[in-house]
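Written below as structure tokens is the structure these notes are about.
The values are calculated or read from the model by the stated rules, or taken from the named source; none is laboratory data. What you see is a predicted model, and the numbers here were worked out from it, not measured in a lab. Cβ: placed from backbone, ideal geometry, glycine included. Neighbour counts: every protein chain shown.
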Amino acid sequence: MDLSKYIDKSDFETLVNEYTRDDGMFVYKAFVSDVNLAFATPGLERNPLAMTTMPDATTTAPARRNRMMLTEEQMHLIPAVEDKVRTIVRKKGMHIVPIFTDFDPPRRGYVTRTQASRVLATLGFGLTDQEVGVLSSYYCDQGNHLDFNYKDFVKNVDPPPGDVMLAMTQSMQPALGHKPFPYFNSHGVVKPRMGKSPSGASMMLG
């Protein structure tokens, strides 16, 4: 399953200990059952009128984050570098999202570390190699050194207005199919649509 990309050794050992019996056997059935709770409701087939919702990208994103380990010195440097970038962005009225999205046609919210370095250099922030390296390491949050989370970076250094942020979030979500009009209520009874006839009397519309 290649979970090492998403969880570290400590998390893995915690997971194993949670589902391991006293005899050393891993109870995979219990593990799978608990994982599936995030995607399905047990016994749903016995209650066909029950309403359930699926987790979306915003729900699962935190669990997919796996930042690299940085030194205390590097962690102290990150806010200073972000503040430096933020000051230049505001002073020049820069809009930096389009430059990142040029490298991200699928709108995943990620570019490669090399692409991120190119964008930062192109924008003229005057960052040193060390500053670029620290930012790249911090925002590569997929458990590797390659995928730079420019969506979070932009959110921190150039937070857009609320309506723009909503549009950005929606643009990065998968397209949803058409939802049919709910002709049935929660009890399975047909919901009539009432209208007015030309004479003013109520009538049921088909």
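For the range 98-118, the set of residues classified as of a type in the set (A, V, I, L, M) and surrounded by fewer than 17 Cβ atoms within 10 Å (Cβ to Cβ) is empty.
Every condition in (1) within 30 Å of LEU127 (Cα to Cα); (2) at pLDDT below 90; (3) under 26 Å from the mean Cα position of the chain (by Cα) is met by MET54 except one, and the failing one is (1). The residue pairs whose first member lies in the range 136-152 and is in contact (Cβ under 8 Å) with a residue 12 or more places away in the chain, whose second member is assigned to a helix (DSSP H, G or I) and among the aliphatic types (A, V, I, L, M), and whose beta carbons are closer than 6 Å, counting only pairs six or more residues apart or on different chains, are SER136/ALA116; TYR138/ILE78; PHE148/ALA116. If the condition is being touching a strand residue (DSSP E or B) at 6+ places or on another chain (Cβ under 8 Å) and either part of a helix (DSSP H, G or I) or of a type outside the set (Ser, Thr, Tyr) (or both), then the range 71-120 contributes PHE100, PHE103, ASP104, GLY109, VAL111, ARG113, GLN115, ALA116, VAL119.
Applying a threshold of 6 Å to beta carbon distances and a minimum spacing of six or more residues, or different chains, the list of pairs starting in the range 92-103 at a residue that is over 11 Å from VAL154 (Cα atoms) and ending at one that is outside any helix (DSSP H, G or I) reads PHE103/VAL111.
For the range 20-35, the count of residues that are at pLDDT below 80 and hydrophobic (A, V, I, L, M, F, W, C) is at least one.
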